[in-house]
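Everything on this sheet refers to the single structure shown next.
Readers should treat all values here as calculations from the given coordinates under stated rules, not as data from a laboratory. Here the structure is a predicted model, which is why all the values come from computation and not from measurement. FYI the Cβ positions are ideal-geometry reconstructions off the backbone, even for glycines, and counts take in every protein chain you see.
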Amino acid sequence: MEQTRIKLEENEMWVRENLLKLPETPDESPRLIAGKCESCGDVSFPQKERCGVCSCKNINQIYLSRTAKIYSYTIVHRSVPGYQLPNIVAMLKFKEDDSLLVISQIKNIAPEDVKSGMEVELIIDKLSDNFMTGKKVIGYAFQPTIGDIIRER
Amino acid sequence: MRNVYIFGAGMTKFGLYNGIKLSEKSSHELGKEACLKAIDYAGINHNEIEGAFCGTVASQPTCAQMVLSFCGISGIPTYNHENGCASSSSALKHAWESVAHGICDTAIVFGVECWSHLMKTNGAALAGMASPPPGNNLNQDVAGAFGPALLAMVGRAHMDKYGTTVEQFAKVSVKNKRNAVMNPNAQFRKSVTIEEVLNSKMICDPLTKLQCCPNTDGAAAMIIGTGDIARKHTAKPVKIEVITQLSSPYKGLAGDLSGFKCFVDASKQAYNLCGIGPEDLDVVEVHDDFSILEVVAYEDIGLCNRGEGGEFIDKGLSDYGGKVVVSPSGGLLGKGHPMGATGVAQILELFWQLRGECGERQVKDARVGLAHNGGGIGEGFEPGATTITIVSI
Ligand SMILES: [Zn+2]
């Protein structure tokens, strides 16, 4: 497992900038970067520049909890090239805002063991092979909560 | 605003125009075939058309102009709309507004798609799985989740919340593919059993292959105009009552994936604007790109209450002899889904149904119809573009 990998190898690329707060010390865990509206409290991910609910322009950066719950999921048996199949894909809910859905791959679990309502935790992992560049695409994924977070690198 | 009527219609047979199943044709040739059929059906001269509105997703730039060049039409206001699988219904809304507001009196509206060759080259084999460049779609870039995966999660949310079953979803495929047998323009003209649907290859659990629309090429066209012009050409013009179009509202149903707020809002707006309600509908074409979406659509557009979509198909209420016939054309599952052409093709089915020209798949005494069309991905993982069209005779 390479849950807390930070530096990318030459043949790797981040899926996108500004999605992840990387751990800076061994005690920290990675977090998703979200926006929270200063007026209405709406939480957006990825962080919006303006509020999608009210007229507020001030969106503060927050970090979502490391754990989330699986709201719905599917086992993908057929997709575009570059993804390992079967691929477990889920919509996640965070305690910060029940109206927010975050989509993610679920790793380190057998497809038949995935259930709605299951608690999962954020990891940094390979998402796909980019078929244009041949690079490994690295980003956020989730796995079943295993209690103590593995931090050895 | 002036009333606007449809009085010409034409489409190609839907299928794969890549030289294997059907003779090889370009998007421009498919568009030409549909447009000329619509012009001839209307009985107007091509030089009477004052505006052109085309919907397409994967065609060359200025597709409409290329198509109309074959038809001797040029030097008129001409627009190409891209709104995913709701491209040509969006084009129709633009055309309807143009005629209603007196900008032009007669317009041609069409949708074109010839993209199955793209599917062969990138290895993806189901609609909604094309591999566009990275952008703002986390579902695509982070999760590798395209149309079928998103709809599968909608289906699971519906099952978890309301107890809907995989059999109920599968029944949509059985019904629509049975309807497609009666449609000479449909891509698939073979009925399937519920067992065949459930036992077909798993694509995105619980969606099996026979619950996913195929890759399709094709084109569909219509002629619209003012009442005076339409009645000059036919005794039975079909009135466009209203068209509403929305981007999906932020966060959709606020974290509830078991329905689509975009379709709820767009259909409510449509009903309010024209004074027609779901109880008045005789025939409906829905965006059944995946079986699950049709069950959810029953609820979103008010054919039944929330959570009753599964029961609605179980009781045959969306079938002939039920409450309202849904997807008599075979829908996207049976007729096929050439993205840019789908929106117009749905409304052509309503046009033919309302005029009583549908032969063995004719819905008896059909007078009011609704088309439910969605495209792309927007806020809250809902369709980025939603169009609701209501027509009457
Ligand atoms: Zn706000």
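How much of the calculated P(r) for the stretch A:12-144 lies past 26 Å, in percent of all Cα pairs? List each step's numbers first, then the result.
On the way: 2417 of 8778 pairs.
Roughly 28 percent, once rounded to a whole number.
Looking at the stretch A:4-79, the trypsin sites (Lys or Arg not before Pro) that sit in a DSSP loop and have at most 15 other Cβ atoms within 10 Å of their own Cβ are A:LYS7, A:ARG50, A:LYS57. Less than 5 angstrom separates the built amide H of A:SER72 from those of A:MET91, all sequence-distant by 5 or more or on a different chain. Couplings 3J(HN,Hα) for the stretch A:118-129, derived from phi with the Karplus relation 6.51 cos²θ - 1.76 cosθ + 1.60 (θ = phi - 60°), are 5, 8, 9, 10, 6, 9, 9, 8, 6, 9, 6, 9 Hz, where x marks Gly and Pro. Relative to the longest principal axis of the Cα atoms of chain B, helix B:27-42 runs at roughly 60 degrees.
Antiparallel as a % of all DSSP beta bridges within chain B, to the nearest 5? Numbers along the way, then the final one.
Details: 37 of 52 bridges.
Among the beta bridges of chain B, antiparallel pairing accounts for roughly 70 percent.
Could you let me know the centre-to-centre spacing of the stretch B:152-190 and the stretch A:50-91, using Cα atoms, in angstrom? Value for the Cα centre distance between the two parts: 27 Å.
Would you mind giving the mean number of other chain beta-carbons within 10 Å of the Cβ of each residue in B:253-260, as a whole number?
On the way: counts 1, 6, 8, 4, 4, 1, 0, 0.
Mean inter-chain Cβ contacts per residue within 10 Å come to 3.
Placing unit charges on the Cβ atoms of the charged side chains and taking the dipole of the stretch B:236-342 about its Cα centre, the candidate lying farthest along the positive direction among B:TYR250, B:LEU333, B:PHE312 is B:TYR250. In this structure the amide hydrogen of B:ARG2, modeled in the peptide plane, comes within under 5 Å of the amide hydrogens of B:HIS101, B:GLY102, none closer than 5 places in sequence on its chain.
3J(HN,Hα) along the stretch A:138-144, derived from phi through the Karplus expression 6.51 cos²θ - 1.76 cosθ + 1.60 where θ = phi - 60°, amounts to 10, x, 8, 8, 10, 9, x Hz, with x in place of Gly and Pro.
For B:GLU294, neighbours were defined as the other residues whose beta-carbon sits under 11 Å from its Cβ, and their charges (Lys and Arg +1, Asp and Glu -1) total -3. Over chain B, Cα pairs under 8 Å with separation of 6+ residues give a relative contact order of 25 percent.
Of all DSSP beta bridges confined to the protein assembly as shown, the antiparallel ones make up roughly 80%.
DSSP finds beta bridges in the stretch A:12-144, and of those with both partners inside it, around 90 percent are antiparallel. Number of Lys-Lys pairs in the stretch A:12-144 with C-alpha atoms under 17 Å apart and a separation of 8 or more places or on different chains: 19. Taking Lys and Arg as +1 and Asp and Glu as -1, the other residues whose beta-carbon sits under 11 Å from that of B:MET339 total -4. Simple point charges give the picture: +1 on the Cβ of Lys and Arg, -1 on the Cβ of Asp and Glu, and for the protein assembly as shown a dipole about the Cα centre of about 640 debye.
Across the stretch A:12-144, Cα pairs under 8 Å and at least six residues apart give a relative contact order of 23 percent.
Got a sec? How would B:VAL283, B:VAL142 order by Cβ neighbour count within 10 Å, fewest to most? Show your work: numbers first, answer last.
Details: B:VAL283 26, B:VAL142 22.
Least crowded to most crowded, the residues run B:VAL142, B:VAL283.
Using only atoms on other chains, find how many Cβ atoms lie within 10 Å of each Cβ of peptide B:202-214 and report the average.
Values: counts 5, 6, 9, 9, 2, 4, 1, 2, 0, 0, 1, 0, 0.
Mean shielding count: 3.
Computed from backbone phi with θ = phi - 60° and the Karplus coefficients 6.51, -1.76 and 1.60, the 3J(HN,Hα) list for the stretch B:219-231 is 8, 9, 9, 9, 10, 10, x, 5, x, 4, 5, 4, 6 Hz; x is used for glycine and proline. Stokes-Einstein diffusion for the stretch B:288-338, with the hydrodynamic radius set to the Kirkwood value over Cα pairs and evaluated at 20 °C in a medium of 1.002 mPa s, equals 194 µm²/s.
How big is the charge dipole of chain B about its Cα centre, in debye rounded to the nearest 20, if each Lys and Arg gets +1 on its Cβ and each Asp and Glu gets -1 on its Cβ? Walk me through the intermediate numbers first.
Values: 33 positive and 40 negative charges, 128 e Å.
Approximately 620 debye in magnitude.
Residue by residue along A:16-25, Cβ atoms of other protein chains within 10 Å of the local Cβ number 1 on average.
Straight-line cross-link partners of B:LYS93 among the lysines, defined as a Cα under 18 Å from its Cα and at least 8 positions apart when in the same chain: B:LYS239, B:LYS268. Binning the C-alpha pair distances of the protein assembly as shown at 10 Å intervals from 0 yields a P(r) profile of 4, 19, 28, 25, 16, 7, 2, 0 %, listed from the shortest bin outward.
Restriction of the chymotrypsin sites (Phe, Trp or Tyr not before Pro) in the stretch B:299-377 to DSSP coil positions whose beta-carbon has at most 14 other beta-carbons within 10 angstrom yields B:TYR320. For chain B, the calculated P(r), taken from all Cα-Cα distances in 10 Å bins from zero up to the bin holding the longest distance, is 5, 26, 36, 24, 7, 0 percent. Taking a sphere under 10 Å around the Cβ of A:GLN84 and counting the other residues whose Cβ falls inside, with K and R at +1 and D and E at -1, yields a net charge of +1.
Could you pull out the GluC sites (Glu not before Pro) across the stretch A:2-48 that fall in loop regions by DSSP (anything but H, G, I, E, B) with no more than 15 other Cβ atoms inside 10 Å? Listed in order of number, the matching sites are A:GLU2, A:GLU9, A:GLU10, A:GLU17, A:GLU24, A:GLU28, A:GLU38.
Taking amide H positions as placed 1.01 Å from N in the peptide plane, with prolines and chain starts having none, which residues 5 or more places from A:LEU20, or on another chain, fall under 5 Å of its amide H? Sorted by chain and number, the residues that satisfy this are A:ILE33.
Helical content of chain B, expressed as a calculated mean residue ellipticity at 222 nm, amounts to -11000 deg cm²/dmol (DSSP H runs of 4 or more residues, -39,500 (n - 2.57) each, divided by residue number, nearest 500).
Compute the acute angle (0 to 90°) between the alpha-carbon long axis of helix B:166-181 and the principal axis of greatest extent of the alpha-carbon atoms of chain B; round to the nearest 10°. Computed tilt is about 30 degrees. Using Cβ point charges alone (K and R +1, D and E -1), the dipole size of chain A about the Cα centre works out to roughly 340 debye. Within the stretch A:70-153, the percentage of alpha carbon pairs spaced more than 20 angstrom apart rounds to 37%.
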